[in-house]
Amino acid sequence: MNSADGARLSGLTVAILATNGVEEVELVEPRKALEDEGATVRLVSIEQGEIQAMEKDVNAAGKYTVDHLVSEVFPGDFDGLVLPGGTTNPDQLRQDDKAVSFVREFVTSGRPVGVICHGPWTLIEADVVRDRTLTSYPSVRSDIRNAGGNVVDQEVVVDRNLVSSRNPGDLPAFCKALIDLFAANPAS
């Protein structure tokens, strides 16, 4: 683990799965943190072109170019996965069979996954929260419990290959835990 040169994740490729309505800061900050540690980060989505990010769910923010369609990639193409929140982003992803299948296969493969805010909705739809401990935005917690997961109200939670946080205020702790998890569990 060589954090001095910012290359702890050198050689790793990480997918961020997002679509229109993604909370901008939950896309941008993890991406920057991962890239600063040497990872190659690719934006994967359910649609081509650009996606519209939001600030606090209601204010249009930046637009981000999609690198790959989820229907054209496989979990084995990536060493890690990040699921940012915003309410409409994961709500759309959980309605897309290819996105749900991608997430399910990714989590069950044992590769590291980071999820924040409303992002667990996609995990719930993929049926991968049963017997897992995670945190989320308060309005998602009943959904996690109903899907068989254990919910705690903490800044960051790591359960095997899954790291989760509650909201944008947790991003510093989330990004640190994400990097630590990805560095400790590179897929091979």
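Considering (1) in contact with a Lys or Arg (Cβ under 8 Å, 6 or more places away or on another chain); (2) over 19 Å from E105 (Cα atoms); (3) aliphatic (A, V, I, L, M), say which one V152 fails and leave the rest. V152 satisfies every listed condition except (1). Among the candidates A39, A15, the residue that is touching a Phe, Trp or Tyr at 6+ places or on another chain (Cβ under 8 Å) and either of a type in the set (S, T, Y) or under 21 Å from A99 (Cα atoms) (or both) is uniquely A15.
In the set (1) part of a strand (DSSP E or B); (2) touching a residue at least 40 places away in the same chain (Cβ under 8 Å); (3) not small (G, A, S), V157 fails one condition alone, (2). Against the conditions (1) among the small types (G, A, S); (2) outside any helix (DSSP H, G or I); (3) open to solvent by 10 Å² or more (accessible area, probe 1.4 Å), G114 satisfies every one except (3). Of the residues making up the range 72-106, those that are of a type in the set (S, T, N, Q) and over 14 Å from I16 (Cα atoms) are T87, T88, Q92, Q95, S101.
Listed by first and then second residue, the pairs with beta-carbon distance under 8 Å, at least 6 apart or on different chains, first residue in the range 57-77 and aromatic (F, W, Y), second open to solvent by 50 Å² or more (accessible area, probe 1.4 Å) and at pLDDT 95 or above, are Y64/E50; F74/E105.
The values are calculated or read from the model by the stated rules, or taken from the named source; none is laboratory data. From a predicted model like this one, the values you see are computed outputs, not experimental measurements. Backbone-built Cβ (ideal geometry, glycine too); neighbour counts: all protein chains shown. To get the accessible areas, we keep the full protein, side chains included, count just its heavy atoms, and leave off ligands, DNA and RNA. Shrake-Rupley method; radii C 1.70, N 1.55, O 1.52, S 1.80 Å.
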